[in-house]
Structure formats: structure tokens, C-alpha cells
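**Student:** Mind looking over this structure? Questions follow.
The values are calculated or read from the model by the stated rules, or taken from the named source; none is laboratory data. From a predicted model like this one, the values you see are computed outputs, not experimental measurements. With ideal geometry, Cβ positions are generated from the backbone for all residues, glycine too; neighbour counts draw on all protein chains shown.
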Amino acid sequence: MSKFTKMINQADVKKDWIVIDASGRTFGRIITEVATILRGKNKPFFTPNVDCGDNVIIINATSAKFTGKKMEDKEYFSHSGYFGSTKTHKMSDMLENNPEKLFRLATRGMLPKTKLGAKMLKNLKVYAGADHPHTAQVKGA
């Protein structure tokens, strides 16, 4: 038996599809779990330089729970690069109008800031309701 940890490559990775129901769960806890699964840290063969995480589907994104006064106070900023083009979006408005972007921004902050992190983020699918078009990929659904 070898005493070294096996490093896997992209060809050895088998990706599963995991469905997470966000209804009634705390937003930050969901995002932490999702980032861990996307990164592949929940698997015994985690390799930092390989996308070894699973595909994640988040359903019922609009019914996630938030603690404190984040819904009134927290703001997201965007800037196009031109003078005076700073835009501010309240968290409550983003959850109502575009929950996919809210979940994606929060998950992006917990992934590596590299090309590999961008590739991992593509494995995240967020849906406001309970229906999603990936029922064929999910086992036992």
C-alpha cells in the first residue's frame, strides 16, 4: 500500500448532480455548503488544481432565510468602468428580481479567484421555484 495521497486528474473525476432545497434554510449556510461541494472538498480525493466538485442545483431560491437586518441594509455595487456608472442594488430587490445572481455572487466569493474558480461556478444552477430542467441528470428524482 502506498503511503502517498492519490492526486487525480480531470479524466478520473465523476461528477454527480446534487439538488439543494433552499426553502427555510439560512442563506449563508446554503452558500457555504454549495461552495464546498463545487470545490470538491467533501470528497476523499480532493485535488486543489482540478475541478473535482459536483454539479449543484439550488431550488426555491426566493424562499431562503436571512438573519439580521441584511434585507434592508446590505447593498451590492456594480461598476461598468465609466465615470458615474456605479449602481447600487439592495439585497431584498435582488432576491425578488434576480435570485440567481444573488446566489452566484455569494458563491463566487467563496471559490478561488482563478480560471478554475470560474469553471467551478459554471457547475452551479439556481432556480427561483421548485421546477428545474435537470431531472434527467439527478439520480432518484
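**Student:** If you take the residues of the range 26-42 that are surrounded by fewer than 16 Cβ atoms within 10 Å (Cβ to Cβ) and among the basic types (K, R), which of them is farthest from the chain's Cα centre (by Cα)?
**Tutor:** K41
**Student:** Could you say whether any residue in the range 90-98 is within 15 Å of I37 (Cβ to Cβ) and touching a strand residue (DSSP E or B) at 6+ places or on another chain (Cβ under 7 Å)?
**Tutor:** No, the range 90-98 has no match at all.
**Student:** Could you identify the single residue in N55, N123 that is modelled with pLDDT of 95 or more and out of contact with any Lys or Arg (no Cβ under 7 Å at 6 or more places or on another chain)?
**Tutor:** The unique qualifying residue is N123.
Yes or no, residue by residue, for (1) surrounded by 15 or more Cβ atoms within 10 Å (Cβ to Cβ); (2) in contact with an Asp or Glu (Cβ under 6 Å, 6 or more places away or on another chain):
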residue: D93; (1), (2): no, no
residue: E100; (1), (2): yes, no
residue: G109; (1), (2): no, no
residue: M120; (1), (2): yes, yes
residue: N123; (1), (2): yes, no
residue: V126; (1), (2): yes, yes
residue: G129; (1), (2): no, no
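**Student:** Quick one: which helices (runs of 4 or more DSSP H) sit completely within the range 45-141 and have at least 2 residues that are polar (S, T, N, Q) and out of contact with any Leu (no Cβ under 7 Å at 6 or more places or on another chain)?
**Tutor:** 91-97
**Student:** Here's a follow-up. Just for the range 1-25: of the residues that are part of a loop (DSSP other than H, G, I, E, B) and of a type in the set (A, V, I, L, M), which one is surrounded by the fewest Cβ atoms within 10 Å (Cβ to Cβ)?
**Tutor:** Per the stated criteria, the residue is M1.
**Student:** Write out, first by first residue and then by second, each pair whose Cβ atoms fall under 9 Å of each other, whose residues are 6+ apart or on separate chains, and whose first residue, in the range 41-68, is more than 21 Å from A11 (Cβ to Cβ) and among the basic types (K, R) while the second is surrounded by 14 or more Cβ atoms within 10 Å (Cβ to Cβ) and at pLDDT below 95.
**Tutor:** Correct list of pairs: empty, since none qualify.
**Student:** Being in contact (Cβ under 8 Å) with a residue 12 or more places away in the chain and either aliphatic (A, V, I, L, M) or in contact with a His (Cβ under 7 Å, 6 or more places away or on another chain) (or both) narrows it down to one residue among A11, A35; which is it?
**Tutor:** It is A35.
**Student:** Also: Does the range 104-124 contain any residue that is without any contact (Cβ under 8 Å) to a residue 60 or more places away in the chain and either closer than 20 Å to D21 by Cβ or in contact with a Cys (Cβ under 6 Å, 6 or more places away or on another chain) (or both)?
**Tutor:** Yes, because at least one residue in the range 104-124 is without any contact (Cβ under 8 Å) to a residue 60 or more places away in the chain and either closer than 20 Å to D21 by Cβ or in contact with a Cys (Cβ under 6 Å, 6 or more places away or on another chain) (or both).
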